[in-house]
Amino acid sequence: MMPMADGQVRNVSFLAAVALEHDCRMVVAEDVNLDGRLDLVVDHNPPDWDANTDGSHLSVFLNNMPAVGNFIGLAFQRRPGGIELNGTRIYVSCGGRETVGYIVDGDSFESQHSTTKHFGLGSATEVESVRIVWPDGLERIVTNPAINRYHRIPAPARDR
(Lines give C-alpha, C1' and ligand atoms only; values in the text may rest on other atoms or scores of the structure.)
Protein backbone atom coordinates (compact mmCIF):
# COMPACT_ATOMS: atom_id res chain seq x y z
CA MET A 1 0.00 0.00 0.00
CA MET A 2 1.40 3.40 -0.94
CA PRO A 3 0.22 6.85 0.17
CA MET A 4 -0.59 9.09 -2.79
CA ALA A 5 -0.46 12.87 -3.25
CA ASP A 6 -4.27 13.03 -3.12
CA GLY A 7 -4.26 11.61 0.42
CA GLN A 8 -5.51 8.19 -0.66
CA VAL A 9 -3.63 4.93 -0.12
CA ARG A 10 -3.45 2.57 -3.10
CA ASN A 11 -2.42 -1.03 -3.62
CA VAL A 12 0.70 -0.96 -5.79
CA SER A 13 1.79 -4.56 -5.21
CA PHE A 14 1.57 -5.41 -8.93
CA LEU A 15 3.76 -2.42 -9.85
CA ALA A 16 6.25 -3.41 -7.14
CA ALA A 17 6.37 -7.00 -8.52
CA VAL A 18 5.11 -8.56 -5.29
CA ALA A 19 1.61 -9.50 -6.47
CA LEU A 20 1.16 -13.27 -6.62
CA GLU A 21 -1.71 -15.21 -8.17
CA HIS A 22 -1.01 -17.96 -5.66
CA ASP A 23 -2.69 -19.01 -2.46
CA CYS A 24 -0.64 -16.94 -0.03
CA ARG A 25 -0.90 -18.14 3.55
CA MET A 26 1.73 -16.12 5.31
CA VAL A 27 3.25 -12.69 4.86
CA VAL A 28 5.77 -11.18 7.26
CA ALA A 29 7.39 -7.74 6.89
CA GLU A 30 10.98 -7.92 8.16
CA ASP A 31 14.22 -6.12 7.35
CA VAL A 32 15.91 -9.30 6.14
CA ASN A 33 19.14 -7.67 4.96
CA LEU A 34 19.26 -5.00 7.72
CA ASP A 35 19.36 -2.07 5.29
CA GLY A 36 16.58 -0.15 7.05
CA ARG A 37 13.88 -1.03 4.50
CA LEU A 38 11.22 -3.60 5.30
CA ASP A 39 11.21 -6.63 3.01
CA LEU A 40 8.46 -9.25 2.58
CA VAL A 41 8.66 -12.97 3.32
CA VAL A 42 5.76 -14.86 1.71
CA ASP A 43 4.71 -18.50 1.95
CA HIS A 44 2.56 -19.44 -1.03
CA ASN A 45 1.17 -22.30 -3.06
CA PRO A 46 0.81 -22.17 -6.87
CA PRO A 47 -2.62 -22.75 -8.43
CA ASP A 48 -1.84 -26.41 -9.27
CA TRP A 49 -0.50 -27.13 -5.78
CA ASP A 50 -1.35 -30.56 -4.34
CA ALA A 51 -1.29 -30.68 -0.53
CA ASN A 52 -0.62 -34.43 -0.66
CA THR A 53 2.56 -34.21 -2.73
CA ASP A 54 3.85 -30.63 -2.80
CA GLY A 55 5.48 -28.44 -0.22
CA SER A 56 4.88 -24.74 0.14
CA HIS A 57 6.98 -22.17 -1.68
CA LEU A 58 8.82 -19.47 0.21
CA SER A 59 9.68 -16.19 -1.47
CA VAL A 60 11.64 -13.26 -0.12
CA PHE A 61 10.99 -9.91 -1.78
CA LEU A 62 13.83 -7.54 -0.95
CA ASN A 63 12.80 -3.91 -0.81
CA ASN A 64 14.97 -2.15 -3.39
CA MET A 65 13.02 1.11 -3.37
CA PRO A 66 15.19 4.16 -2.68
CA ALA A 67 15.27 4.96 1.02
CA VAL A 68 13.09 8.01 1.62
CA GLY A 69 13.41 8.48 5.35
CA ASN A 70 15.17 7.59 8.55
CA PHE A 71 14.45 4.69 10.88
CA ILE A 72 15.39 3.16 14.19
CA GLY A 73 15.44 -0.57 14.83
CA LEU A 74 15.42 -2.53 18.07
CA ALA A 75 16.54 -6.16 18.10
CA PHE A 76 15.28 -7.73 21.32
CA GLN A 77 17.25 -10.74 22.51
CA ARG A 78 15.96 -13.50 24.71
CA ARG A 79 18.20 -14.64 27.54
CA PRO A 80 18.29 -18.13 29.01
CA GLY A 81 16.22 -17.80 32.16
CA GLY A 82 15.28 -14.23 31.22
CA ILE A 83 11.79 -12.82 31.15
CA GLU A 84 9.53 -13.59 28.21
CA LEU A 85 9.53 -10.97 25.45
CA ASN A 86 5.94 -11.53 24.31
CA GLY A 87 3.89 -8.54 25.41
CA THR A 88 6.79 -6.07 25.55
CA ARG A 89 5.68 -2.54 24.64
CA ILE A 90 8.05 -0.10 22.90
CA TYR A 91 7.40 3.66 22.88
CA VAL A 92 9.49 5.77 20.49
CA SER A 93 9.41 9.55 21.12
CA CYS A 94 10.43 11.58 18.10
CA GLY A 95 9.61 15.13 17.04
CA GLY A 96 7.02 15.61 19.77
CA ARG A 97 5.14 12.43 18.83
CA GLU A 98 5.10 8.99 20.38
CA THR A 99 4.76 5.77 18.41
CA VAL A 100 4.13 2.43 20.07
CA GLY A 101 5.04 -1.08 18.95
CA TYR A 102 4.62 -4.49 20.55
CA ILE A 103 6.47 -7.78 20.64
CA VAL A 104 3.82 -10.39 19.94
CA ASP A 105 3.67 -13.97 18.81
CA GLY A 106 0.85 -16.06 17.45
CA ASP A 107 -0.92 -13.19 15.72
CA SER A 108 -0.27 -14.26 12.12
CA PHE A 109 -1.60 -17.22 10.20
CA GLU A 110 1.11 -19.88 9.79
CA SER A 111 3.90 -17.42 10.59
CA GLN A 112 5.87 -16.01 13.45
CA HIS A 113 7.22 -12.49 13.76
CA SER A 114 10.75 -11.90 14.97
CA THR A 115 11.59 -9.94 18.08
CA THR A 116 13.04 -7.11 15.98
CA LYS A 117 11.00 -3.93 15.69
CA HIS A 118 11.43 -1.32 12.96
CA PHE A 119 10.13 2.24 13.34
CA GLY A 120 10.06 4.59 10.37
CA LEU A 121 10.96 8.15 11.31
CA GLY A 122 10.37 9.96 8.04
CA SER A 123 12.47 13.11 7.85
CA ALA A 124 13.14 13.25 11.61
CA THR A 125 16.86 13.32 12.38
CA GLU A 126 16.77 12.26 16.01
CA VAL A 127 14.86 10.19 18.53
CA GLU A 128 14.45 11.76 21.95
CA SER A 129 13.86 8.47 23.75
CA VAL A 130 12.81 4.86 23.53
CA ARG A 131 10.86 3.52 26.50
CA ILE A 132 10.59 -0.25 26.83
CA VAL A 133 7.99 -1.74 29.15
CA TRP A 134 8.65 -5.43 29.77
CA PRO A 135 5.69 -7.77 30.41
CA ASP A 136 6.41 -7.81 34.15
CA GLY A 137 6.18 -3.99 34.33
CA LEU A 138 9.91 -3.24 34.52
CA GLU A 139 10.86 -0.27 32.33
CA ARG A 140 14.02 0.72 30.49
CA ILE A 141 14.55 4.13 28.89
CA VAL A 142 17.17 4.80 26.22
CA THR A 143 17.74 8.51 25.59
CA ASN A 144 18.96 9.96 22.30
CA PRO A 145 19.67 6.64 20.56
CA ALA A 146 21.40 6.76 17.18
CA ILE A 147 19.10 6.51 14.16
CA ASN A 148 19.44 4.49 10.94
CA ARG A 149 20.70 1.44 12.78
CA TYR A 150 19.52 -1.47 14.88
CA HIS A 151 20.11 -1.52 18.63
CA ARG A 152 20.45 -4.84 20.48
CA ILE A 153 18.27 -4.92 23.57
CA PRO A 154 18.78 -7.92 25.88
CA ALA A 155 15.83 -9.05 27.97
CA PRO A 156 16.31 -8.53 31.69
CA ALA A 157 17.11 -11.51 33.90
CA ARG A 158 14.28 -12.92 36.02
CA ASP A 159 16.25 -12.54 39.25
CA ARG A 160 16.66 -8.77 39.29
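When you filter the trypsin sites (Lys or Arg not before Pro) in the stretch 69-133 for DSSP loop state and at most 14 other Cβ atoms inside 10 Å of their Cβ, you are left with ARG78. Take the chain and mark each of the chymotrypsin sites (Phe, Trp or Tyr not before Pro) that is in a DSSP loop with at most 15 other Cβ atoms within 10 Å; the longest unmarked stretch, sites excluded, is 50-108. Please list, by residue number, every one of the GluC sites (Glu not before Pro) in the stretch 16-95 that is coil in DSSP and has at most 16 other beta-carbon atoms within 10 Å. Listed in order of number, the matching sites are GLU21, GLU84. Here the contact order of the chain, divided by its residue count and restricted to Cα pairs under 8 Å and six or more residues apart, works out to 23 percent.
Give me the accessible area per residue for the stretch 1-112, probe 1.4 Å, as a whole number in Å². It would help to have the intermediate numbers written out before the result.
Working: 7320 Å² over 112 residues.
Result: 65 Å² of accessible area for each residue.
For the residues ILE83, ILE72, ILE103, a GNM of the chain with alpha-carbon springs under 10 Å puts the largest fluctuation on ILE83.
The values are calculated or read from the model by the stated rules, or taken from the named source; none is laboratory data. Everything numeric here is computed off the predicted structure, so don't read it as measured data. Positions of Cβ are generated from backbone atoms using ideal geometry, with glycine treated the same way; all protein chains shown enter the neighbour counts. What goes into the accessible areas is simple: the full protein's heavy atoms, side chains included, and nothing from ligands, DNA or RNA. Shrake-Rupley method; radii C 1.70, N 1.55, O 1.52, S 1.80 Å.
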